[in-house]
Structures are given as C-alpha cells and as structure tokens.
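The values are calculated or read from the model by the stated rules, or taken from the named source; none is laboratory data. Treat the numbers as computed from the prediction; the structure is a model and nothing was measured. Neighbour counts run over all protein chains shown; Cβ positions are idealised from the backbone, glycine included. Remember, those area values only see protein heavy atoms, side chains included, never the ligands or the DNA or RNA. Shrake-Rupley method; radii C 1.70, N 1.55, O 1.52, S 1.80 Å.
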Amino acid sequence: MSLFTIFLIAIGLSMDSLAVSISGGMCLKRFSWHKAWKMATFMGVFQGGMTWLGWLLGYRFSAYITHFDHWIAFVLLGYLGGKMVYESFKEEEAPVLSFSNKTLLTLGIATSIDALAVGISMAFLQTDILLSACLIASTTFVLSFAGVGGGFHFGKIQKLNAELAGGVILIAIGIKILVEHMWM
C-alpha cells in the first residue's frame, strides 16, 4: 500500500474525530490549549492504536467484529450526544462535554472502531503497520486539534446553543456510522 493511499485512509478515518473535536470546541466557554491538546491526543492515540490492534487481530476475528462494531459506536455517540442535547435545555453553565478522561476515552473508542476494521484489512494486505498507525494517529491529532479551535470560534456565534449543536453532531455521527454499516 502506498504512502499516499495510507494518508488518504488516515484522512478518512479522522473525519469522525474531527467532527467530535469541533463539537467539543463548541462547548468551550474559553479556548484552552490544554483541552485542545488533550482531545487531539486522545483521538490520535485511539485512531492509531485501534488500527494497530486491528492489524494484530487480523482476519481471524474480522467476522465477529464487523457484525457489531457499528452498534457500539452508535450507542456510545448516541448516549453522549443525547446527554448533551438534554443538558442544553437546563439552566446550568457547565458543558456536558467536559474533556474529562472518561468522556474522551468514550469518544476515542466510539470514533475509532472503523480504524480497527481498517487495521484488519491492512493485515490482509501485509501493510507496514508501524508507518500506517503513526500516520493515522498524527493526521487525526492535527485535524482534531484544529477541530477544537474551529469549533470554539464557531460556537461563539451569538445565540448559538453550542451544547445542543454539539449533541446533535454526535448523534448524527452515530447514525451515520450505523447507516453506513447496515445498508452500504
């Protein structure tokens, strides 16, 4: 597999992480380099790590994983998105997407399940997994970091309920993953 092909795969895999990062940035009251770095690190590590894990699992377990991976992503993103939508109608000031390790862990898993399947396919193609996983992780990191910043600036638009918009985005990503795997 060529480096260019791996880079295109990295961009494709990182789109869900980018959307989640934009959603997270929209929930920030004040931009935080630390939170942007933290989210980007979680997203990048999970995308690269799940690719590597998928490669390790190889074709032996692929039949089991592909039957339910989309449901896991759908449930995790739907839960977090639903919680954000619900909380957006409360009078509290604290955003649901708290950038806590627990939240970022859940988002990292939910957005990287496709990377597991890609890793399995890379095992079939005998692709250099170290190069692939590092490129996927670094591409996801860069796009997620930029996504937090872009989401923060977008979320500052007057009268925009950023938490509601962020929750809807997470639910939409979960539905997209479910639909792609069930009907495509």
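Data for the structure
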quantity	calculated
Separation of the Ile175 and Trp71 label points, Cα + 7 Å toward Cβ, nm	2.1 nm
CD proxy at 222 nm, helix term only [per DSSP H run n ≥ 4: -39500 (n - 2.57); per residue of the chain; nearest 500]	-27500 deg cm²/dmol
Residues of type lysines that Lys35 reaches as a straight line, Cα spacing below 16 Å, ignoring anything fewer than 8 places off in the same chain	Lys102
Fully extended contour minus Cα-Cα distance, from His153 to Lys83, at 0.36 nm per residue	22.9 nm
Most fluctuating residue given options Met43, Met122, Met26, as computed from a GNM of the chain linking Cα atoms under 10 Å	Met122
Charge dipole (debye, nearest 20) of the chain; +1 at Cβ of Lys and Arg, -1 at Cβ of Asp and Glu	340 debye
As computed over the range 105-184, the Cα convex hull volume per residue (Å³)	110 Å³
Carbon/sulfur fraction of accessible area - the chain, other protein chains in place, 1.4 Å, %	71 percent
Per DSSP, loop trypsin sites (Lys or Arg not before Pro) in the range 1-60 with at most 14 further Cβ within 10 Å	Lys29, Arg30
Rounded accessible area per residue of the chain, 1.4 Å, Å²	52 Å²
Crossing angle, helix 129-155 versus the chain [Cα axis fit, 0-90 degrees, rounded to tens]	10 degrees
Computed E for Leu125/Val45 - FRET, C-beta separation, R0 22 angstrom, nearest 0.05	0.40
Exceeding the 24 Å Cα-Cα cut-off - candidates Lys156/Lys176; Lys83/Lys176; Lys29/Lys90	Lys156/Lys176
On Cα atoms only, tilt of 101-124 relative to the major axis of the chain in degrees	20 degrees
Ellipsoid semi-axes in whole angstrom, largest first, where each is sqrt(5λ) of the Cα gyration tensor of the chain	30, 18, 12
Angle in degrees between helix 69-88 and the longest Cα principal axis of the chain, rounded to the nearest 10	10 degrees
Contour minus Cα-Cα distance for Arg30 and Phe7 (0.36 nm per residue)	5.0 nm
